[in-house]
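Novice: Just dropping this structure here.
Nothing in this text is a laboratory measurement; each read-out follows from the coordinates by a stated rule. Since the structure is predicted, the reported quantities are computational estimates derived from the model, not experimental observations. A quick note on method: Cβ atoms are made from the backbone with ideal geometry, for glycine too, and the neighbour counts reach across all protein chains shown.
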Amino acid sequence: MDALFSILASPYTVGIVVVLLYLFSMINIIREYERAVVFRLGRLLPTPKGPGIVFIFWPLDKMIRVDLRTITMDVPPQDIITKDNVTCRVNAVAYFRVVDAAKAITEVENFMYATSQLAQTTLRSVLGEVELDELLSKREKLNIRLQEILDRHTDAWGIKVSLVETKQVDLPEEMRRAIARQAEAEREKRAKIIHSEGELAASQKLKDAANTLSEEPIAVRLRYLQTLTEIGAANNTTVVFPIPMDLLDYLKDKKQG
């Protein structure tokens with residue numbers, strides 16, 4: 001037992017243990033969706049390492065892990081004043097990912113914070129150049145414009161913005177009531193137009209029917225009989241005495257004479 005303790009306490013054993021611990025600390029496992037940006041004596045290595053096993057010679061090397069997966073970032077609600085002086089609050093969501101890990105670390109201090117701030121300012125500036133109707137009806141066009149601007153500015157940071165979507169537009173209560181009144185007036189306008197078109201079509205059909213009946217006088221009598229049949233089937237207590245129009249014309253002429 002004393003011999004074992006003496007072996008463990010020997011300088012050679014301590015040195016071997018220290019070397020083994022150092023060798024194990026050099027081993028780093030980088031996942032498939034990660035890359036390791038390595039600085040050796042403060043200088044950036046040309047190519048990020050990974051995935052797999054990466055050896056880092058501490059303290060000469062310093063490693064920073066960078067996630068290459070698509071990041072979903074919520075853009076907080078922004079107060080927007082549109083081109084027609086309407087105040088509203090708009091929030092959005094941005095999808096982006098790191099395509100160059102070295103640039104994402106060396107070109108900007110914190111690429112997540114920088115992208116978030118850039119998205120907020122871009123959202124305010126772009127939506128402030130359009131009117132409210134365009135903001136509500138042409139979201140797809142505005143989303144493409146936002147994506148292009150963000151992608152152009154973040155390209156120097158090694159970031160690719162794939163999609164920007166505006167989520168919700170919050171309007172003041174007065175503006176909501178105004179839009180509701182406008183929609184109601186628009187529907188009433190369409191209802192009146194449809195009603196007038198129906199009246200026009202009905203008058204045209206009545207004119208055609210009158211022309212047809214005037215060509216065949218016997219058709220008027222047949223129409224009388226059909227009307228009597230319909231009335232009799234609907235209400236048997238009603239008694240109808242049809243008066244020919246010729247008789248009324250005769251009485252009128254007699255009175256004038």
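Novice: Between region 57-100 and region 133-191, what is the separation of their alpha carbon centroids in Å?
Specialist: Region 57-100 and region 133-191 have Cα centres spaced 19 Å from each other.
Novice: I would also like to ask the following. Between residue 137 and residue 167, what length comes free when the chain is fully extended (0.36 nm per residue of separation minus the Cα-Cα distance, one decimal in nm)? Could the numbers behind the result be given before it?
Specialist: Working: separation 30, 0.36 × 30 = 10.80 nm, distance 1.33 nm.
Stretched fully, the residue 137-residue 167 segment lengthens by 9.5 nm.
Novice: By average Cβ neighbour count within 10 Å, what is the ranking of 181-188, 134-141 from highest down?
Specialist: Going by the mean number of other Cβ atoms within 10 Å, highest first, we get 134-141, 181-188.
Novice: Between residue 110 and residue 23, what length in nm is gained on full extension when 0.36 nm per residue of separation is reduced by their alpha carbon distance? Intermediate results must be reported in sequence, preceding the final value.
Specialist: Numbers: separation 87, 0.36 × 87 = 31.32 nm, distance 3.14 nm.
Between residue 110 and residue 23, full extension yields 28.2 nm more.
Novice: Let me ask something additional. For residue 65 and residue 53, calculate 0.36 nm times their separation in residues minus their Cα-Cα distance, and state this gained length in nm to one decimal. Provide the component values of the computation, followed by the final result.
Specialist: Details: separation 12, 0.36 × 12 = 4.32 nm, distance 1.31 nm.
Stretched fully, the residue 65-residue 53 segment lengthens by 3.0 nm.
Novice: Would you mind checking the pairs 62/103; 83/160; 83/138; 83/189 and listing those with alpha carbons more than 18 angstrom apart? Intermediate values should be presented prior to the final figure.
Specialist: Numbers: 62/103 16 Å; 83/160 30 Å; 83/138 15 Å; 83/189 28 Å.
Among 62/103; 83/160; 83/138; 83/189, the Cα-Cα distance tops 18 Å for 83/160; 83/189.
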